[in-house]
Amino acid sequence: MKKIINEPATVVVDALRGFEVAHADLVRVSYDPVFVVRADAPVRGKVALVSGGGSGHEPLHIGFVGPGMLDAAVPGEVFTSPTPDQIVAAVRAVGGGAGVLLIVKNYTGDVLNFELAAEMALAEGIEVRTLVVADDVVAQRGVAGTLVVEKILGAAAAGGADLETCLEIGRHVASHAFSIGVALEAGTVPHVGSPGFVLGPAEVEYGVGIHGEPGHERQELRPARALVEGMASEVAVQLPVGRGDRVLVLTNGMGGTPPVELYLAHGIAERSLVEHWGVVVERRLVGSFVTSLEMRGLSITVVVLDGARIFLPEERSRLARLVEWWDAPVRTAALRWGM
Amino acid sequence: MKKIINEPATVVVDALRGFEVAHADLVRVSYDPVFVVRADAPVRGKVALVSGGGSGHEPLHIGFVGPGMLDAAVPGEVFTSPTPDQIVAAVRAVGGGAGVLLIVKNYTGDVLNFELAAEMALAEGIEVRTLVVADDVVAQRGVAGTLVVEKILGAAAAGGADLETCLEIGRHVASHAFSIGVALEAGTVPHVGSPGFVLGPAEVEYGVGIHGEPGHERQELRPARALVEGMASEVAVQLPVGRGDRVLVLTNGMGGTPPVELYLAHGIAERSLVEHWGVVVERRLVGSFVTSLEMRGLSITVVVLDGARIFLPEERSRLARLVEWWDAPVRTAALRWGM
Amino acid sequence: MAAVVAAHRDELVELDRVIGDGDHGENLRRGFAAAVSTVDGSGPVLRQVATLLISKVGGAAGPLYGTGFLRAAGAVEGRPLDGFVVASALAAALEGVVALGKAAVGDKTMVDALAPAVAAAESAAASGGSVAAVLEAAAVAAAEGAASTVPLVARKGRAAYLGARSAGHLDPGARSTALVLRAFADAAR
Amino acid sequence: MAAVVAAHRDELVELDRVIGDGDHGENLRRGFAAAVSTVDGSGPVLRQVATLLISKVGGAAGPLYGTGFLRAAGAVEGRPLDGFVVASALAAALEGVVALGKAAVGDKTMVDALAPAVAAAESAAASGGSVAAVLEAAAVAAAEGAASTVPLVARKGRAAYLGARSAGHLDPGARSTALVLRAFADAAR
Ligand SMILES: Nc1ncnc2c1ncn2[C@@H]1O[C@H](COP(=O)(O)OP(=O)(O)O)[C@@H](O)[C@H]1O
Ligand SMILES: Nc1ncnc2c1ncn2[C@@H]1O[C@H](COP(=O)(O)OP(=O)(O)O)[C@@H](O)[C@H]1O
Ligand SMILES: [Mg+2]
Ligand SMILES: [Mg+2]
Ligand SMILES: [Mg+2]
Ligand SMILES: [Mg+2]
């Protein structure tokens, strides 16, 4: 195992120290227990958004803490969900009186620990709700779609949406986000020392998650066009309407994937979604945002911003706001525009 | 060789197609000859900034095209400098009447091709000047420091600096930028098929550039603290003053390096520069901006923003503008703030 | 117990690497090590351990182990320790784990070790077994239960993502449960 | 000539991979292939090839090869082809390459192949050699010159970044220069 680290036991905290000095204008970092909050927390009167999970997925979630997105992120050990006391401490630090929404990726460990934390916070009189994201189409894990949920909720909360409305918006976005991942090479968990799986020189793992676990099946590496079109189809069949859906497409690198491959794949994904599936791509994002250590590979996420036929007419104007919320100013380490 | 590509011969163009759809609001892409210009080019009355070089270093330079930074980027084949006709075509497309500055990384091929292009453009009556960046302390190559030069010049040009002033500012920044790189694993050029060098399970290449060429020497991988402190020292000894210098620190990933390692290294670099070298870190940037395909590794760049004792007092206020220019709004695919 | 877990850390890491995410051994090592260095015997030990596991382990195993220890603590506190009490503590632990994790026997989880352990403990207690005998019966049954997870296809936890590919591998949580019960049994001898 | 370059593409790629960035073979293949498909024999061939090399090759070799061909074209155009003209064309090419690249013999570049080729061509021409004889002498000397780069430490181009580690490897540009001259000599026979 080759990594630029000091020792496996201190990776998370050592990386947080660097993150803290790099973004002192945006965040404050607590080390005992470990959590990250926006520099101006708590924001009075705003619903606070707290997310978290195992480390090794950076910039998720620490890189999304700041105005217009998360109020706090709670990193666990590498690929290990954080503990309830960490989560509760973060909730206390950001609660601004309008309630706290926990955004949880769908893993047994994350769900259990966040639920325990929610119970503890409720017992302290803090209004807390939990939103579970499960956008992976292969195994209903929470993967890259989580960042879209967090961005849209960040804007909604900044715009004054109350806790129940945030939960409702979050559920809507989460249930309209579909992702699939592929890996060319697995990452290595520092305290494990060897990769989650080892592939042959022409093999890929298809349908992977973000924890180095083997995917749905092993396939031969095909040219990008065939591979990515297949991935795009796999998410496209999940779309409520398909033809005519206005969507956001996120092409996400897994940590060891260079931009040249990401852009190349993104071009194929968009073209294929438009030409074969008739969707309208309203927004897009390309980059390494939800990673799995140094895993080589990528995921394609499609989020429906509006599905003309599935919503009652009176709902449409509210749902059209998803684009507006996506475009709203955000200022975090990893996503920044408009400020 | 495992990559998400169609075939080696079309990698650059295929990736540009994805880049174009991902950033249609920011850029226009020409395919014959190949170059990328900002969507609103040419900008009348502004000095136009054109950079370029071999592909495989994305987001450099295409990801830095847009308001507040470059007017055009000219990508060559992977690791191969672009040809003069590409460069001249880009120069023609962005010239806004106030002259064009070519920002060139110091490689024989880049220098020769850009110089030929400059001669051709001059022959057409376009005022062109050339700035060569050679920030690598091991072999005077142009590496990650180039992005700092481009950002600062982008702001200066947007602010109305004329061609000679831009050249002067650029020379100043370029001559005060110092970088060193290390690789854990080399990338593979698509049409070569095997990596530039192969390292043992505990070896690193120290003093590498960004073209997969072997570095200054092969070393044993040490804990991050020792490795990065050594790198920080290697750049710090180049600083004109050292103690008291106000600097920008850029911790740059090489394409296959996950954020967790970058942040970890950045923390060590900053601490070491401050504690052992007495510099004042005014600004910093952490991310994968100047890459070498999927190479695992990183570089540390230090750019002097002001060296209290080396400048005559009357020069200082102008030099203090470096921070202001760095902070100025920029809107590109890879660097964005303030707009 | 911490020593047993630490000694088997790499084995558990490796089991979890193959069908999960590789952290199970390290998570438990961290949790039990914290328990050893913190629990001072001043109060109810099991309850203190439970709290530490919940706050130090993380992952799926943290809340599940923590809840198990917590429920077991509730079942033994204030009662003189005998075979029946031990058996009922194990039953309470199982109930807590199932309430939280909603896994049934055959889902390829720690429940596949814990459930037969409870059954064996209860019949040992019913036939008058001592604390040591009850724990020994539980440990033996847990080891068998753990071994029985090898051919199973996982339906809970990360290994479930592998579908049919999870078959043929020992479940790390079942294995660690068997190890912990073995440590209890050995300590009681 | 394009066929020769294409046939040796992988060899040149490999030479450049070891002490450079691996693109030399592919760059030249692309350039000469473009020359073959574009040059139509309508005008001065060498000049057309030169322009195509400059606009299709890129890298260091593009301008250097292009300038070499351009200067050679200037030396032969409008003159009846004989041994002296060929030798002076090679000399002009060398002058152009040196003017642009500022490399001297011993710097481990294409100059190490081209300079001895010029010397050999000039003495072959002086002793009355035909076009074919002059080109043959140049090709032989270039091959020797290229081979002489193996022990050298590079002082120009990317290989120079390796310092002492560049020794022990054949320079790709010197090798390709020898190949191109060999192709000229074979064509003239
Ligand atoms: N729902 C569940 N109920 C009971 N046990 C479970 C459940 N999900 C997972 N487990 C157990 O947890 C073990 C994995 O624990 P660990 O690796 O620490 O957590 P994580 O899966 O979050 O990485 C599995 O081997 C399995 O025995
Ligand atoms: N300054 C120079 N003068 C003459 N030849 C040079 C010079 N620099 C490089 N070369 C030649 O160019 C060759 C490399 O060409 P190529 O790989 O196509 O370009 P690049 O180095 O830009 O990748 C070297 O092997 C060397 O022979
Ligand atoms: Mg885990
Ligand atoms: Mg090159
Ligand atoms: Mg695990
Ligand atoms: Mg080369």
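The values are calculated or read from the model by the stated rules, or taken from the named source; none is laboratory data. All values reported here derive from a predicted model rather than from experimental measurement. Note that we place each Cβ from the backbone using ideal geometry, even for glycine, and neighbour counts take in every protein chain shown. The area values use the complete protein model at the heavy-atom level, side chains included, leaving out ligands, DNA and RNA. Shrake-Rupley method; radii C 1.70, N 1.55, O 1.52, S 1.80 Å.
Can you put A:179, B:175 in order of accessible area, largest first, using a 1.4 Å probe?
Of A:179, B:175, the descending order of accessible area is B:175, A:179.
Here the accessible area is traced with a 1.4 Å probe on the protein chains. For the protein assembly as shown, carbon and sulfur cover 56 percent of it.
How would C:67, B:165, C:149 rank on accessible area, largest to smallest, probe 1.4 Å?
B:165, C:67, C:149
Projecting the Cα atoms of A:72, A:166, A:89 onto the charge dipole of the stretch A:10-175, computed from C-beta unit charges around the Cα centre, puts A:166 farthest toward the positive end. In the protein assembly as shown, helices alone account for a calculated mean residue ellipticity at 222 nm of -15000 deg cm²/dmol, with every DSSP H run of four or more residues adding -39,500 (n - 2.57). The order of the peptides B:233-241, B:145-153 by mean Cβ neighbours within 10 Å, most packed first, is B:145-153, B:233-241. Classify the stretch C:77-189: rounded, prolate or oblate, from the alpha-carbon gyration tensor (a ≥ b ≥ c, eigenvalue square roots; a/c under 1.5 rounded; otherwise prolate if a/b is larger than b/c)? Note, shape of the stretch C:77-189 comes out prolate.
3J(HN,Hα) along the stretch B:108-114: 3, x, 4, 4, 4, 5, 5 Hz, from the Karplus curve 6.51 cos²θ - 1.76 cosθ + 1.60 with θ = phi - 60°, whole Hz, x for Gly and Pro.
Taking all protein chains as they are arranged and a probe of 1.4 Å, the heavy atoms of residue B:10 leave approximately 40 Å² accessible to solvent.
Over the whole of B:107-120, what's the average partner chain Cβ count within 10 Å per residue? Rounded to a whole number, please.
Mean partner shielding for this stretch: 5.
Shielding value for B:293-304 is 2, the average number of Cβ atoms from other chains within 10 Å of each residue's Cβ.
Between chain C and chain A, roughly 2300 Å² of accessible surface gets buried, counting both sides and using a 1.4 Å probe. Of the residues B:159, B:66, B:187, the one that moves most in a GNM of chain B with alpha-carbon contacts below 10 Å is B:159. Considering only beta bridges that DSSP places wholly inside the protein assembly as shown, some 55 percent are antiparallel.
Under 16 Å between alpha carbons, and skipping anything fewer than 8 positions from residue C:102 in its own chain: which lysines qualify? Partners found: C:156. Using a probe of 1.4 angstrom and keeping all protein chains present, the accessible surface of the stretch A:53-163 works out to 22 square angstrom per residue.
Between amide H atoms placed 1.01 Å from N, distances below 5 Å from residue B:217 occur with B:206, all of them 5 or more places distant or on a separate chain.
Phi angles across the stretch A:93-102 convert, under the Karplus curve 6.51 cos²θ - 1.76 cosθ + 1.60 with θ = phi - 60°, into 3J(HN,Hα) values of 6, 10, x, x, x, 9, x, 10, 10, 8 Hz, Gly and Pro given as x.
Enter the buried accessible area of the A/B pair, total of both sides, probe 1.4 Å, in Å² rounded to the nearest 100. The buried area between A and B, both sides summed, comes to about 4500 Å². Using a Gaussian network model of chain C in which every pair of alpha carbons under 10 angstrom is joined by a spring, one finds that among C:91, C:99, C:72 the greatest mean-square fluctuation is at C:99.
In the stretch D:48-189, Cα pairs under 8 Å separated by at least six residues give a relative contact order of 22 percent. Mind telling me which of B:281, B:198, B:65 comes out most flexible in a GNM of chain B, alpha-carbon contacts under 10 Å? Of B:281, B:198, B:65, the Gaussian network model singles out B:198 as fluctuating most. For residue B:122 and residue D:147, the FRET efficiency from 1/(1 + (r/R0)^6), where r spans their Cβ atoms and R0 equals 30 Å, is about 0.15. In this simple spin-label approximation, residue A:198 and residue A:92 carry label points 7 Å from Cα along the Cα→Cβ vector, and these lie 4.7 nm apart. Remark: the stretch B:180-337 carries 32 Å² of accessible area per residue (probe radius 1.4 Å; ligands, DNA and RNA excluded).
One quarter of the convex hull surface built on the alpha carbon atoms of the protein assembly as shown amounts to 45.1 nm², the projected area averaged over directions. For the peptide C:13-21, the mean number of other protein chain Cβ atoms found within 10 angstrom of a residue's Cβ is 6. For the stretch B:17-52, a drop of 50 Å² or more in accessible area on going from the chain alone to the assembled protein chains (1.4 Å probe) is found at B:21, B:22.
Determine the shape class of chain A: with a ≥ b ≥ c the square roots of the Cα gyration tensor eigenvalues, call it rounded for a/c under 1.5, and otherwise prolate if a/b is greater than b/c, oblate otherwise.
Oblate, since a/c reaches 1.5 and b/c is not below a/b.
Which parts of the stretch B:228-248 would a label at residue B:222 reach, counting a residue when its backbone N lies under 12 Å from a point 7 Å out along Cα-to-Cβ? What the label zone holds, given the 12 Å backbone N cut-off, is B:228-234. DSSP beta bridges confined to the stretch B:103-228 are antiparallel in about 65 percent of cases.
The modelled label-to-label distance between residue B:274 and residue B:237, using points 7 Å beyond Cα along the C-beta direction, is 2.5 nm. Pairs spanning more than 18 Å between alpha-carbon atoms, out of A:3/C:56; A:105/A:151; A:3/A:105; B:2/D:56; B:46/B:151: A:3/C:56; A:3/A:105; B:2/D:56. Once you sort the root eigenvalues of the Cα gyration tensor of the stretch B:10-175 as a ≥ b ≥ c, which label holds: rounded (a/c under 1.5), prolate (a/b larger than b/c) or oblate (the other case)? Taking the square roots of the gyration eigenvalues as a ≥ b ≥ c, the stretch B:10-175 is rounded.
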